[in-house]
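Read the structure below first, then the notes.
The values are calculated or read from the model by the stated rules, or taken from the named source; none is laboratory data. Please read these numbers as outputs of a predicted model, since none were measured by experiment. Here the Cβ positions follow ideal geometry from the backbone for every residue, glycine too, while neighbour counts run over all protein chains shown. The accessibility values were calculated without ligands, DNA or RNA, using every heavy atom of the protein model including side chains. Shrake-Rupley method; radii C 1.70, N 1.55, O 1.52, S 1.80 Å.
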Amino acid sequence: QVQLVESGGGVVQPGGSRRLSCAASGNICRINAMGWYRRAPGKQRELVATIEGGGSTDYAESVKGRFTISRDNAKNTVYLQMNSLNPEDTAAYYCNAYIMRYDSTYVNDYWGQGTQVTVSS
């Protein structure tokens, strides 16, 4: 079994910062791409940022220059540093990872349970 557990959500004032973490655990052989998605109330889920195993990154236009994704391969953990937050960033944030287990030859994608970020004064 593989689990992704997010942490770091909460309430933050406009202009503030927050760092999300997502730790993968279980029968993990290799982790390929990892990423963060979000779903705001009444909206579809959208990609926030991704990071490949080699470290290359990609961001949604709406967060470029404000959010930074990083990963610690030794800890099987991906981070999302969010700066200059505004109310439009309010959403449930979900971690995603493409993982190969030791007992499989396939890479499957896994999701965390989500962590809520609310930007409000």
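Structural remarks
- Residue list for segment 7-64, restricted to those being in a loop (DSSP other than H, G, I, E, B), open to solvent by less than 50 Å² (accessible area, probe 1.4 Å) and at pLDDT 95 or above: Gly8, Gly9, Gly16, Ala40, Ala60, Val63
- If you filter segment 40-66 down to residues that are of a type outside the set (Phe, Trp, Tyr) and in contact with a Phe, Trp or Tyr (Cβ under 7 Å, 6 or more places away or on another chain), you find that the one that is farthest from Gln81 (Cα to Cα) is Arg45.
- Just one of the listed residues (Asp89, Asp109) is among the charged types (D, E, K, R), touching a strand residue (DSSP E or B) at 6+ places or on another chain (Cβ under 6 Å) and within 18 Å of Val11 (Cα to Cα), namely Asp89.
- Matching residues, segment 61-105, being small (Gly, Ala, Ser) and in contact with a helix residue (DSSP H, G or I) (Cβ under 9 Å, 6 or more places away or on another chain): Ser62
- For beta carbons closer than 8 Å, sequence separation of 6+ or different chains, a first residue in segment 41-65 that is more than 24 Å from Asn76 (Cα to Cα) and a second that is β-branched (Val, Ile, Thr) and exposed (fewer than 14 other Cβ atoms within 10 Å of the Cβ), there are no qualifying pairs.
- Count - residues of segment 65-121 that are buried (at least 19 other Cβ atoms within 10 Å of the Cβ), more than 15 Å from the chain's Cα centre (by Cα) and outside any loop (DSSP other than H, G, I, E, B): 1
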